[in-house]
Amino acid sequence: MASGDLQRLAVLIDADNASAAVVKELLEEVAKYGTATVKRAYGDWTTANLTGWKDQLHRYAIQPIQQFAYTKGKNSTDSAFIIDAMDLLYAGRVDGFCIVSSDSDFTRLATRLREAGKTVYGLGERKTPEPFIAACDKFIFFEVLKKSGELATAMKISDLPDLRDLLVHAINETSRDGGWAPLSAVGSFIVKNNASFDPRNYGFAKLGELVRKQAYLECKEIPGASGVMHHLQVKVR
């Protein structure tokens with residue numbers, strides 16, 4: 001992939017394990033990271049429980065992949081999903097994968113795709129098991145894709161990692177002269193070590209907004225090379 005090009009992403013949706021109510025917001029989120037060149041949703045489309053998905057498939061050009069539930073209690077959808085993901089990996093036509101599910105069964109798939117050098121974005125509910133979250137480069141909760149007015153009630157702060165410990169550790173690890181750390185480096189460090197970290201989990205649209213509200217942190221803006229753009233730096237008081 002040439003420098004500056006958008007990532008080509010395969011968006012693979014476990015329709016049995018994901019809500020159709022967030023499809024619009026989900027694809028808008030994916031667009032921040034690259035271009036969805038493949039969009040597929042897996043499930044048994046003959047069942048009534050996927051009715052809510054059917055309108056969304058045409059609206060957003062998502063290809064439905066039919067997988068009959070041949071054996072009760074066995075998730076054949078997962079198998080079809082994983083086989084397709086590996087076929088896409090070996091075809092070499094995508095740079096990354098968006099795995100849309102809250103199912104821990106995809107943990108090994110995410111790990112394998114990353115071992116092959118592909119970027120993996122996970123999207124699922126807050127209840128998603130930690131091993132699957134940790135197996136992704138970045139994990140986005142469905143709850144933060146809701147409207148901003150719903151955000152405060154969607155997430156429980158008590159369920160999230162301790163914010164102060166995360167920020168202070170990241171700043172200490174990325175700081176330069178005088179203890180100042182570039183905010184971009186701080187954010188990258190946190191996500192590499194905590195795939196589900198997202199300022200929106202705490203009710204902030206951007207990391208810069210979040211750090212400015214922390215009384216134990218000090219912020220300053222550094223003019224960019226152009227003299228127009230500014231870069232935020234942060235340190236522990």
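For this structure, a couple of remarks:
- All of GLY227, GLY178 fail the test of being over 21 Å from VAL144 (Cα atoms), part of a helix (DSSP H, G or I), out of contact with any helix residue (DSSP H, G or I) (no Cβ under 8 Å at 6 or more places or on another chain) and modelled with pLDDT under 90, apart from GLY178.
- Complete set of residues in region 77-96 that are surrounded by 15 or more Cβ atoms within 10 Å (Cβ to Cβ), at pLDDT below 95 and more than 19 Å from the chain's Cα centre (by Cα): THR77, ASP78, ALA80
- Evaluation of ASP44 against the conditions (1) surrounded by 14 or more Cβ atoms within 10 Å (Cβ to Cβ); (2) modelled with pLDDT of 90 or more; (3) acidic (Asp, Glu) shows that the sole unmet condition is (2).
- Condition met for ILE99 (modelled with pLDDT of 90 or more, assigned by TED's automatic domain parsing to the domain that holds LEU145 and more than 15 Å from the chain's Cα centre (by Cα)): no
- Residue match in region 138-154 (condition: at pLDDT below 90, among the small types (Gly, Ala, Ser) and surrounded by 12 or more Cβ atoms within 10 Å (Cβ to Cβ)): yes
- So SER184, is it hydroxyl-bearing (Ser, Thr, Tyr) and in contact with a Phe, Trp or Tyr (Cβ under 6 Å, 6 or more places away or on another chain): no
- Qualifying residue in region 118-132 (condition: more than 19 Å from GLY203 (Cβ to Cβ), modelled with pLDDT of 95 or more, surrounded by 15 or more Cβ atoms within 10 Å (Cβ to Cβ) and among the hydroxyl-bearing types (Ser, Thr, Tyr)): yes
- Number of the exception - ARG200 against (1) at pLDDT below 85; (2) of a type in the set (D, E, K, R); (3) not assigned by TED's automatic domain parsing to the domain that holds VAL23: (1)
- VAL191 at pLDDT 90 or above and either over 16 Å from the mean Cα position of the chain (by Cα) or not assigned by TED's automatic domain parsing to the domain that holds LEU232 (or both): no
- Subset of region 184-200 that is assigned to a helix (DSSP H, G or I) and touching a helix residue (DSSP H, G or I) at 6+ places or on another chain (Cβ under 6 Å) - its residue that is nearest to PHE141 (Cα to Cα): ARG200
The values are calculated or read from the model by the stated rules, or taken from the named source; none is laboratory data. Keep in mind it's a predicted model, so treat the numbers as computed, not measured. Here Cβ is always computed from backbone atoms with ideal geometry, including for glycine, and neighbour counts include all displayed protein chains.
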